[in-house]
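**Student:** Supplied in C-alpha coordinates, the structure appears directly below.
The values are calculated or read from the model by the stated rules, or taken from the named source; none is laboratory data. Everything quoted here is computed from the prediction, not taken from an experiment. Cβ atoms come from the backbone with ideal geometry, glycine included; neighbour counts cover every protein chain shown.
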Amino acid sequence: MTNKISISYRCVGDYLIPNLILPPEEANIVLGKWGMMYKSYLEKHKKVLFNSLLMQGKLYQHCAEIEKQAKAMFDTLIEQMKEDECVTEKLKEENQLEWVCRMQNIEVRAREIVNSEIIFN
(Lines give C-alpha, C1' and ligand atoms only; values in the text may rest on other atoms or scores of the structure.)
Protein backbone atom coordinates (compact mmCIF):
# COMPACT_ATOMS: atom_id res chain seq x y z
CA MET A 1 0.00 0.00 0.00
CA THR A 2 1.53 3.28 -1.10
CA ASN A 3 0.70 6.53 0.65
CA LYS A 4 0.84 9.51 -1.65
CA ILE A 5 1.05 12.92 -0.09
CA SER A 6 -0.03 15.76 -2.29
CA ILE A 7 1.53 19.09 -1.42
CA SER A 8 0.68 22.31 -3.19
CA TYR A 9 3.07 25.24 -3.36
CA ARG A 10 2.84 28.97 -3.87
CA CYS A 11 5.47 31.11 -5.54
CA VAL A 12 6.94 33.90 -3.40
CA GLY A 13 9.64 35.71 -5.36
CA ASP A 14 12.03 33.01 -6.52
CA TYR A 15 10.92 30.51 -3.88
CA LEU A 16 8.25 27.82 -3.76
CA ILE A 17 6.64 27.78 -0.32
CA PRO A 18 4.49 24.77 0.67
CA ASN A 19 0.86 25.55 1.50
CA LEU A 20 0.72 23.91 4.91
CA ILE A 21 -2.52 23.85 6.85
CA LEU A 22 -2.46 23.10 10.56
CA PRO A 23 -5.06 20.67 11.87
CA PRO A 24 -7.93 22.42 13.63
CA GLU A 25 -7.87 22.67 17.40
CA GLU A 26 -10.85 22.75 19.66
CA ALA A 27 -12.24 26.24 19.31
CA ASN A 28 -13.78 26.44 22.75
CA ILE A 29 -10.60 26.00 24.81
CA VAL A 30 -9.96 29.12 26.85
CA LEU A 31 -6.66 29.33 28.69
CA GLY A 32 -6.38 31.08 32.02
CA LYS A 33 -3.36 32.52 33.76
CA TRP A 34 -1.47 29.26 34.24
CA GLY A 35 -2.15 27.96 30.72
CA MET A 36 -1.03 31.23 29.11
CA MET A 37 2.14 31.29 31.21
CA TYR A 38 2.91 27.71 30.20
CA LYS A 39 2.23 28.42 26.52
CA SER A 40 4.52 31.45 26.63
CA TYR A 41 7.23 29.40 28.36
CA LEU A 42 7.01 26.67 25.71
CA GLU A 43 7.14 29.23 22.91
CA LYS A 44 10.28 30.90 24.29
CA HIS A 45 12.20 28.03 25.87
CA LYS A 46 10.88 24.71 24.51
CA LYS A 47 10.48 25.56 20.84
CA VAL A 48 10.59 21.98 19.55
CA LEU A 49 7.81 20.84 21.88
CA PHE A 50 5.81 24.01 21.15
CA ASN A 51 6.03 23.53 17.38
CA SER A 52 5.32 19.80 17.63
CA LEU A 53 2.16 20.37 19.68
CA LEU A 54 1.12 23.22 17.40
CA MET A 55 1.52 21.12 14.25
CA GLN A 56 -0.39 18.22 15.78
CA GLY A 57 -3.23 20.55 16.76
CA LYS A 58 -2.77 19.71 20.45
CA LEU A 59 -1.14 22.86 21.83
CA TYR A 60 -4.20 24.40 23.49
CA GLN A 61 -5.45 21.04 24.72
CA HIS A 62 -2.05 20.39 26.35
CA CYS A 63 -1.91 23.89 27.87
CA ALA A 64 -5.45 23.46 29.22
CA GLU A 65 -4.40 20.23 30.95
CA ILE A 66 -1.38 21.99 32.50
CA GLU A 67 -3.73 24.80 33.58
CA LYS A 68 -5.98 22.30 35.34
CA GLN A 69 -3.03 20.67 37.13
CA ALA A 70 -1.53 24.01 38.16
CA LYS A 71 -4.82 25.37 39.48
CA ALA A 72 -5.48 22.21 41.49
CA MET A 73 -1.98 22.29 42.96
CA PHE A 74 -2.25 26.02 43.77
CA ASP A 75 -5.60 25.61 45.52
CA THR A 76 -4.35 22.60 47.49
CA LEU A 77 -1.19 24.41 48.56
CA ILE A 78 -3.17 27.45 49.68
CA GLU A 79 -5.46 25.33 51.85
CA GLN A 80 -2.58 23.34 53.35
CA MET A 81 -0.53 26.45 54.14
CA LYS A 82 -3.55 28.23 55.66
CA GLU A 83 -4.14 25.25 57.92
CA ASP A 84 -0.46 24.85 58.86
CA GLU A 85 -0.10 28.55 59.70
CA CYS A 86 -3.48 28.96 61.44
CA VAL A 87 -4.78 31.53 58.97
CA THR A 88 -8.48 31.21 59.74
CA GLU A 89 -11.72 33.12 59.37
CA LYS A 90 -11.42 33.96 63.06
CA LEU A 91 -8.11 35.74 62.39
CA LYS A 92 -9.79 37.53 59.48
CA GLU A 93 -12.51 38.82 61.80
CA GLU A 94 -10.12 39.82 64.58
CA ASN A 95 -7.24 41.32 62.58
CA GLN A 96 -7.93 41.88 58.89
CA LEU A 97 -4.57 43.48 58.14
CA GLU A 98 -2.66 40.53 59.62
CA TRP A 99 -4.89 38.11 57.71
CA VAL A 100 -4.31 39.92 54.39
CA CYS A 101 -0.53 40.01 54.92
CA ARG A 102 -0.37 36.32 55.76
CA MET A 103 -2.63 35.34 52.85
CA GLN A 104 -0.54 37.32 50.38
CA ASN A 105 2.58 35.63 51.72
CA ILE A 106 0.95 32.21 51.33
CA GLU A 107 -0.21 32.99 47.77
CA VAL A 108 3.25 34.17 46.71
CA ARG A 109 4.88 31.00 48.06
CA ALA A 110 2.23 28.76 46.47
CA ARG A 111 2.66 30.55 43.13
CA GLU A 112 6.44 30.04 43.29
CA ILE A 113 5.99 26.33 43.95
CA VAL A 114 3.50 25.88 41.09
CA ASN A 115 5.76 27.83 38.72
CA SER A 116 8.84 25.76 39.55
CA GLU A 117 7.07 22.38 39.69
CA ILE A 118 4.62 22.63 36.78
CA ILE A 119 4.90 25.74 34.62
CA PHE A 120 8.66 26.20 34.18
CA ASN A 121 9.65 22.56 34.40
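**Student:** Take segment 109-119 and flag every residue that is surrounded by fewer than 17 Cβ atoms within 10 Å (Cβ to Cβ) and over 14 Å from Gln80 (Cα atoms).
**Tutor:** If the condition is that a residue be surrounded by fewer than 17 Cβ atoms within 10 Å (Cβ to Cβ) and over 14 Å from Gln80 (Cα atoms), then Glu112, Ser116, Glu117 are the ones that fit.
**Student:** Only residues that are of a type in the set (S, T, N, Q) and more than 16 Å from Leu31 (Cα to Cα): list them for segment 41-90, please.
**Tutor:** Asn51, Ser52, Gln56, Thr76, Gln80, Thr88
**Student:** Condition first: modelled with pLDDT of 90 or more, more than 18 Å from Glu112 (Cβ to Cβ) and surrounded by 13 or more Cβ atoms within 10 Å (Cβ to Cβ). Can you find one or more residues in segment 24-31 that meet it? Steps first, answer last, please.
**Tutor:** Going residue by residue through segment 24-31, those that are modelled with pLDDT of 90 or more are 31.
Okay, now just the ones that are also more than 18 Å from Glu112 (Cβ to Cβ), so 31.
Pick out the ones that are also surrounded by 13 or more Cβ atoms within 10 Å (Cβ to Cβ) and you get 31.
Among the residues of segment 24-31, at least one is modelled with pLDDT of 90 or more, more than 18 Å from Glu112 (Cβ to Cβ) and surrounded by 13 or more Cβ atoms within 10 Å (Cβ to Cβ), which makes the answer yes.
**Student:** So the check is Cβ under 9 Å with 6+ separation or different chains; which pairs have a first residue in segment 70-91 that's closer than 15 Å to Asn115 by Cβ and a second one that's modelled with pLDDT of 95 or more and of a type in the set (S, T, N, Q)?
**Tutor:** Ala70/Asn115
**Student:** Could I ask something else about it? Name the pairs whose Cβ atoms lie under 9 Å apart, with the first residue in segment 47-63 and within 16 Å of Met37 (Cβ to Cβ), the second acidic (Asp, Glu) and part of a helix (DSSP H, G or I), and 6 or more positions between them or separate chains?
**Tutor:** Partner pairs satisfying both residue conditions: Phe50/Glu43.
**Student:** Pairs please, first residue from segment 6-29 and within 13 Å of Leu59 (Cβ to Cβ) and of a type outside the set (S, T, N, Q), second anywhere and in a loop (DSSP other than H, G, I, E, B) and modelled with pLDDT of 75 or more, Cβ atoms under 6 Å, 6+ apart in sequence or on different chains.
**Tutor:** What qualifies is Pro23/Gly57; Glu25/Gly57.
**Student:** Can you list the helices (runs of 4 or more DSSP H) lying wholly within segment 31-121 that have 3 or more residues being within 24 Å of Leu20 (Cβ to Cβ) and not β-branched (Val, Ile, Thr)?
**Tutor:** Passing ranges, in order: 33-45, 47-56, 59-84.
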